[in-house]
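Structure, as structure tokens:
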Amino acid sequence: MIEVILLSFLSAFLLPLFFRFNKKLPGIISTLVAFFLFIYFASTLPTILSGNVIKESTPWFPAVGINFSFYLDGLSLLFALLITGIGTVVFLYASKYMEDYKYSARFFVYLTSFMASMLGLVLSDNLILLFIFLELTSVTSFLLIGFKHEKESSRYAALQALIVTGTGGLILFAGIIAIGIIAGTFNISDLLSNQQLIVQHSAYGLILFTFLLGAFTKSAQFPFHFWLPSAMEAPTPVSAYLHSATMVKAGVFLLARMNPILGGTELWQNSLILFGTITMLFAILTAVKQTDLKKILAYSTVSILGTLVMLIGIGTDFAIRAMIITLIAHAIYKATLFLISGTIDSQTGTRDVTKLRGLKDKMPITFATAILAMLSMFGIIPFLGFIGKETLLDSVIRSGLYFPFLPIIVFVSSVFVIAVASIVVLRPFLFAFKKTPRDVTEAPFRMWIGPALLSLLGLVFGISATYSLTSIVNSVSASIFNFNSDYTIKLWYGFNLNFFLSVLIVLVGLVFYRYRNIFIKIVSHSAIINYVKPSFWYDKFISGLNKLATTQTSLLQTGFLRHYIIIIMLAFIVFVGYTFFRNIPLSEINPNFNSTTYEKILAGVIVISAFFVVKAKSRLYAIISMGVVGYSIAIIFVLYGAPDLALTQFAIETLSVILFVFVLYKLPKYQNFSHPTRRMRDFLIAGSSGLIITLIVFYVTSIQLQSEVKKFFSETSLPIGMGRNVVNVIIVDFRALDTLGEITVLGIAAIGVFSMLKLILREEKN
Amino acid sequence: MNLILVLPILIPFTTAILCLFFWKNIKAQRIFHLSGAFLYLIFSFVLFSEVRTNGILVTQVGDWVAPFGITFVGDLFSAIMILINGIIGFATAIYAVGSIDEKRAQYGFYPLLQFLIMGISGAFLTGDIFNLYVWFEVMLMSSFVLIALGGTKPQIEGAIKYVTLNLLSSAFFLTGCGILYGVAGTLNLADLSIKLAELNNPGLVTVIGMLFLVSFGIKAGIFPLFFWLPASYHTPPAAVSAIFGGMMTKVGVYSLIRVYTLLFNHDIGYTHTIILVLASFTMVTGVLGAFAQTEFRRILSFHIVSQIGYMILGLAIFTPLSIAGTIFYIAHNIFAKTNLFFISGVVRSISGSYSLKKLGGLYKPYPMLGILFLISAFALAGIPPLSGFWAKFIVIKAALEVEDLISVAVALFVSLLTLLSMIKIWNDAFWKDKIDSESEEEVNQFKSMSKVKKIFFLSPIVLLALITISIGFFPEFLFSLSRDAAEQLLNPQIYIEAVLGKVK
């Protein structure tokens, strides 16, 4: 399988080469790639359906237990087939839809890479590998949503999707690593036997939280759903493929995959049901009031995703089967409807349902396709959607969970689904034709054939469910439950409660569709809606972050050198000073004051001149006082028997004073702007820094070790170093490299002075 | 004397002097400069493989036995850093030939760059605390002149802040050296490690450690000492920013790791907790700083700070995995960060600006540049399967293993913000349309460049991007290196015995 995924990525990156050859080639080649992949996965069906799994592993990063481990079982095969099957249709459609775009090659590079990442995600047997592909789908999704990047709204939507799914992803990342640490492996197939270890671990709650966040953000669960409707900025094939049929189901996939590892607890069940149900209801209520075809479809997708999450939460075998069937049915009809919305958009020039009327005569094939998809979405017998709705109702009622609230909510949302389907299909196609921005003609072949086939598939699967779906549904639920189940899917179970409920839903839904305006009026007049709008909070969060960043930075990075110095000195006082007083009892500091009178006088001179430097009324005084400090230090050298050092120090001090005096002529008049309190503050900082160093030195002088190095220097200086002056021998022999370095520093400084005086480039515009 | 250990200093030193002899002849300087960088690259690799196969290499400069002379030590960590320095130095050398203006080249740009490389190499290889100070001075002086060279107003302003605050760091460093010598009577790192233990006074050792924390913390750019970095790194030419941002700041981190594994390991509960807290603050303040900027290189500069936080987080956790994570992170970060600065220079030559407000519309005409940017930017943000992802993975795993949930949360939050600010550059410079497109023609210096110059300009970017991708796809190699290096660091005995022989 690794070859398959690598080949898919490779083909993606090769597409630009073909583009140079012929601008139509990338679309056609990627369609063929998707189709080839579909055939490949279809060919593994017999193996998988007979209860086997295909596992393979190539070492990658074995030191931390990360390998290219892939795992093909019922669940991953179902997803792989959806990805490549719907992928083929979408690529074919896009090869026509994107034909006139100047940068269509880039589009197909992204879309093919996405497909490869998505395949990698569902086939991964290693949680880290899965995560890598999950992130790659986020990245490709970012590039695709922002495809029309000259538009501000596209960039906004792309970033929003990336932030929301990226945040979830990062949190999930921590959870995955935690599982790896607890169980000692990242391999999903090995984790299956470690369920108890993880579920009973004290960190289980936290880990579950991270997985839920990862899955909920990716699969657009309330309150993280808002990025999905914004993502409709992407070209329509992208919306159909990523943001309806495949990528947004990655979260659902993750939950299904982790069900045998993290599931089975009350916490798992309740959180999934809670968030799933809220999402299901909230999104479909929002869908009804939209007017943009794609937004309506997006919200209804969110609602279905909620339904799927809820069903995994319920977690009975009936619920899981209902989840699988609903997932297949939805992927098929929703991809169709999205593609049709793209067709309508490109043929008429608008996606606004209030401007679209009576397209049936102008676009008969598209109309027929739309009707088929709508009937599946309605849940009309014998479409696949019917089985989905029946099993959904059945499993919710049968589970007995949260009775009667859960069945009622499911019923209500289903009613709204009918209304939404009607708005999307009946409204634009029926009634008398209304003029649109463009002259309407039927869609070109490559744009209608795929959706038409897909919508027929919904019918075919419905009729033949027992034969076509039973084994795959069983196989998938076996992967989700980690044991084999044997159940026969049927289209017709007789006139039971579920059937009557189904009929009732359709009838009520149609009535509601007729009178929907009353509802919309009520909803749009209630002000609460704005506060439950998570996108509002997202914007608040981003602008808050900006404000925080600006405030923090203007506080810290003020641009004033003196502030920087103050903070650094304070840090010194806190870190070194605090540590000193914490670690060393003051009683142990016994400074040795047995110094000579000369030394005492010199110390006094140094301290007094230092005060003069600070208090001086003019620069000249300050510099001269500095000079006094320097000369006094030189005299100390003399007292300690180092006349050469003293001479050097004298020379340096004299030079600096003279140089400073020259510079003084160029400077403006000396003025003191600082406030007395500030001077006080600076005095305190400087004073405490000096005090700390002094105390350290006092302490250190009392506890010196015997130095072998000093002894060695004085003993070998003459016999081996050939010099009586130990300091000199140290400088030019023992530690000659230091001297080489310091000479280099002087050389560099010379270059610097020369170049800075000579070279002054004109101000570079910035 | 083992010449291999000294060559990383001798080669750039000789090259610089040769360049100085040909002060007016830029062509000759370029040839010396490129061949010097190439030789360095080769010998850095030789040194690296020697150390990898034979263990720690030690040489005594001037043949004065340790601890009396100056010792050069190449352990695995040093060797990795030298190899990276070789690669970055080579890339920067090529890039500089393609991007540095004639004026700067006439006033000593090439020899200065070589002196900088010499200083960095010395810092990585020396086994002597005072000698380290000397290399810091070499680095400081050459980098100061490099920042100021050209003398534009922002450069001078940045240079003054740079040199003042770094001199402050030097003052702390020198004080620390003095105190160490006063207490232990030695400057040799291995010997110091023994003597400080013999001192039997962990309280005092920790105090000295704090002094070095402040000094190296300034050099490394950690919170709350990093101010000079974002104040200066965006002012010189891109080639200079690149080697500063990529390589030079890491010398501070290197030194912190060196002294906090070899010398100041007497009260880990205290010192490393402080480092841990500082790591979190560094990560957060750095990334927020980046978030507030609207200039390409300022964003990158603040990010340096933020990522230094990640590196010292690994040091603070102080497990074999976390130190390995730190080394991995340093290696990855150097390549990605240097490359981003390189790219900023190309962007500037195309659009005539670093300001995001003035940039725009680069993706449509320059898709390859866009992809090169995304590779480094995504690597920096830790998007898989690029190098930064593994770096992040290892550091976070190490933090989770010691159940430090706060650091994990901070690291994840910061990585999100890193992604955000990288996307900010991407959206503004590459995706959005340029606002005033009429001036496009006159500012675009890139178009009018000769083909050879373009190759010099772009090939280092491709090279570094390939390295970033390779680390991403083949993480095992760098990781096993980092793990072995961490192993050595956490067992100072190996280092001490290599330098001083079996302890009597």
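The values are calculated or read from the model by the stated rules, or taken from the named source; none is laboratory data. In this text the structure is predicted, and so the values were computed from the model without any measurement. All Cβ positions, glycine included, derive from the backbone under ideal geometry; neighbour counts span all protein chains shown. Ligands, DNA and RNA are stripped out before the accessible areas are found, and what is left, the full protein with its side chains, is counted by its heavy atoms. Shrake-Rupley method; radii C 1.70, N 1.55, O 1.52, S 1.80 Å.
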Seminar exercise, completed: Label model pair B:Phe281, B:Asn444: point-to-point distance (7 angstrom along the Cα→beta-carbon line) in nm is 4.8
Exercise. Across peptide A:100-110, what mean number of C-beta atoms from other chains lies inside 10 Å of a residue's C-beta?
Worked result: 1
For this session: Find how many whole Å separate the alpha carbon centroid of the stretch A:413-447 from the alpha carbon centroid of the stretch B:123-164.
Result: 69
Problem set entry | Point-to-point label distance, B:Lys357-A:Phe698, nm (Cα→Cβ direction, 7 Å offset) | 5.5
Problem set entry | Alpha-carbon centroid distance for the pair the stretch B:28-66 / the stretch B:478-498, whole angstrom | 20
Problem set entry | Listed residue (A:Ile743, A:Leu761, A:Ser707) projecting farthest to the positive dipole end of the stretch A:706-766, Cβ model | A:Leu761
For this session: Holding the Cα-Cα limit at 18 Å, pick out from B:Lys364/B:Lys434; A:Lys148/A:Lys435; B:Lys153/B:Lys358; A:Lys55/B:Lys392; B:Lys103/B:Lys153 the pairs that are longer than that.
Result: A:Lys148/A:Lys435; B:Lys153/B:Lys358; A:Lys55/B:Lys392
Exercise. So how tilted is helix A:152-183 from the main axis of chain A? Cα-based, degrees 0 to 90, rounded to 10.
Worked result: 80
Seminar exercise, completed: When the charge dipole of the stretch B:361-484 is computed with +1 at the Cβ of Lys and Arg and -1 at the Cβ of Asp and Glu, the Cα pointing farthest to the positive end, of B:Ala465, B:Leu416, B:Leu400, is that of B:Ala465
Seminar exercise, completed: Expressed in Å to one decimal, the Kirkwood Rh of the stretch B:338-444 from all distinct alpha-carbon pairs is 15.1
Exercise. What are the principal axis extents of the Cα atoms in the stretch A:381-511, in Å, biggest first?
Worked result: 56, 34, 26
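Quote the charge dipole size of the stretch A:604-743 about the Cα centre in Debye, to the nearest 20; the model charges only the Cβ of Lys and Arg (+1) and of Asp and Glu (-1).
With Lys and Arg at +1 and Asp and Glu at -1, about 880 debye.
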Exercise. Farthest toward the dipole's positive end in the stretch A:303-525, which of A:Phe403, A:Met363, A:Ser376, given Cβ charges of +1 (Lys, Arg) and -1 (Asp, Glu) about the Cα centre?
Worked result: A:Met363
Problem set entry | Inter-label distance for A:His563 and B:Ala28, nm, one decimal - labels placed 7 Å from Cα along Cα-to-Cβ | 5.0
Seminar exercise, completed: Rounded to the nearest 10, the angle in degrees between the Cα long axis of helix B:296-317 and the longest principal axis of the Cα atoms of chain B comes to 20
Problem set entry | Zone of A:Ile2's modelled label, taken as backbone nitrogen in the stretch A:51-83 under 14 Å from a point 7 Å along Cα→Cβ | A:55-63, A:65-71
Exercise. If packing is taken as the mean number of other Cβ atoms within 10 Å per residue, what is the order of A:721-727, B:379-385, highest first?
Worked result: B:379-385, A:721-727
Exercise. The protein assembly as shown: D in µm²/s via Stokes-Einstein (Kirkwood Rh, Cα pairs, 20 °C, 1.002 mPa s)?
Worked result: 64
For this session: Measure nothing fancy, just the Cα-based angle from helix B:26-54's long axis to the longest principal axis of chain B, in degrees from 0 to 90, nearest 10.
Result: 40
For this session: Find how many whole Å separate the alpha carbon centroid of the stretch A:348-367 from the alpha carbon centroid of the stretch A:35-108.
Result: 34
Problem set entry | Charge dipole magnitude, Cβ of K and R +1, D and E -1 - the stretch A:706-766, Cα centre, debye nearest 20 | 140
Exercise. For chain A, what relative contact order do you get, as a whole percent, if you take Cα pairs closer than 8 Å and at least 6 residues apart?
Worked result: 10
For this session: Using a cut-off of under 11 Å, list every residue of the stretch A:573-599 whose amide N is near the label point 7 Å from the Cα of A:Leu645 along the Cα-to-beta-carbon line.
Result: none
Exercise. What is the dipole size for chain A, taken about its Cα centre, with +1 at each Lys and Arg Cβ and -1 at each Asp and Glu Cβ, in debye to the nearest 20?
Worked result: 2760
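Can you give the accessible area buried between chains B and A, summed over both chains, with a 1.4 Å probe, in Å² to the nearest 100?
10300
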Exercise. Can you pull the mean other chain C-beta count within 10 Å for peptide A:566-578?
Worked result: 6
Seminar exercise, completed: Whole-Hz Karplus couplings 3J(HN,Hα) for the stretch A:334-342, θ = phi - 60° and coefficients 6.51, -1.76, 1.60, Gly and Pro as x, run 6, 4, 4, 5, 5, 4, 5, 4, x
Exercise. Could you give the radius of gyration (one decimal) and Dmax (whole number) of the Cα atoms in the stretch A:303-525, in Å?
Worked result: 18.4, 57
Problem set entry | Peptides ranked, highest mean first, by Cβ atoms within 10 Å: ranges A:269-278, A:6-15 | A:269-278, A:6-15
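Can you compute the FRET efficiency between A:Leu545 and A:Tyr598 using 1/(1 + (r/R0)^6), with r the Cβ-Cβ distance and R0 = 51 Å? Round to the nearest 0.05.
0.20
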Exercise. For peptide B:384-391, how many partner chain Cβ atoms fall within 10 Å of a residue's Cβ, on average?
Worked result: 3
Exercise. Stretch A:Arg724-A:Ser689 to full length: gain in nm at 0.36 nm per residue minus the Cα-Cα span?
Worked result: 8.7 nm
Exercise. Order of A:407-418, A:560-571 by packing, highest average Cβ count within 10 Å first?
Worked result: A:407-418, A:560-571
